[in-house]
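Every number in this text was worked out from the coordinates using simple rules, so none of it is lab data. From a predicted model like this one, the values you see are computed outputs, not experimental measurements.
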Amino acid sequence: MKFASVLVGLAAVAVAGVAHAQDMASGISGDFSIARSSQVWGGDNTNTVGVDDLSGRVLVPLSGPWALQVEGNYGAVAGSDRAAAYDDNLYLSYGNFGAHALYRAERFQAGVMAAKSSATVDGEEAYYDTMLGLEGQTYFGNATVWGQVASVSGYEEYAGNEDLSLGVVRGGVRYFIGDATRIDLEGTYAKGTFDDYDAKIAFWGVGVEHQIVSEANYGVSVFARYEGSNFDFTDDYSSEAWLSDKTIKVGLSIKFGGKSLREADRSGANTDLINAGRFNIIDSTY
């Protein structure tokens, strides 16, 4: 609860500052979100931990149809679960920061994206990842269809200086019920190598978000998501390992820029990064 209170305060200050800045820089928009997740990890062992998450993104219009979106997120195992996570070699925190260079038109959006990620295990910086990719989305009435392709490379110091190299495909649909309610469906598939293993990784998620406050300069919405993943690894000797996780997430999002959920999807901060750090932390759990 202390974590959430601090984040709400920080988000409120940030929104007030950006709202004031909009008087001088019309067109800037974005959001800040806080969430609590319950994650169940399964593999050789089964672990359940609570995770606190803070994320934010800001869209800055540039010349003509061009725009720049920057974003970041930070997640940490909740204080009451840190001892158990430490004992089981689960990650304790992760971070992801990057940017999108976007070309925006009435019926579509296209761009490039890049990000850096890291994660800690046993309180030490242990995983580092770089992601480079292409992305696009197009609009059909109440629906937005989007997709991303990327290359992820990483380095792990925690379990023997192992390397990660993956090709990633991610996509989904955002469907709007009016201007204030959005349903999200998404999936991710990654394939490549994790040190001596051939790796196949799948993520999926479904969520809903509803805007409960809509004012001239800001809005507030609540959201809930269910996410799942499977990790499969096979080495040169046909030795196989697997891991899965299931996540239930609820949170609050504070938006600035005077846009409804639907308006933000078409003209605001409307894309996010592949969280490359998730791909490289899983080795610590089996």
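When we measure straight from the Cα of Lys200, which lysines land under 29 angstrom away, once same-chain ones fewer than 8 places off are left out?
Lys116, Lys191, Lys246, Lys249
Under 5 Å between amide hydrogens, which residues at least 5 positions from Leu92 or on another chain qualify, with H placed 1.01 Å from N in the peptide plane?
Counting only residues 5 or more places away or on other chains, the set is Thr120, Val121, Asp122, Gly123.
Can you work out ³J(HN,Hα) from phi for every residue in segment 217-232, in order, using Karplus 6.51 cos²θ - 1.76 cosθ + 1.60 and θ = phi - 60°, giving whole Hz and x for Gly and Pro?
Taking θ as phi minus 60°, the curve returns 10, 7, x, 10, 9, 10, 8, 9, 9, 10, 10, x, 8, 9, 10, 10 Hz for segment 217-232.
Per residue of segment 100-115, what does 6.51 cos²θ - 1.76 cosθ + 1.60 with θ = phi - 60° give for ³J(HN,Hα)? Whole Hz please, x for Gly and Pro, Karplus curve as stated.
After applying 6.51 cos²θ - 1.76 cosθ + 1.60, I find 10, 9, 10, 9, 10, 10, 4, 9, 7, 9, 9, x, 10, 9, 8, 8 Hz.
Using bins 5 angstrom wide from zero, how does P(r) for segment 147-225 break down, in % of all Cα pairs?
3, 13, 16, 14, 13, 11, 10, 9, 7, 4, 1
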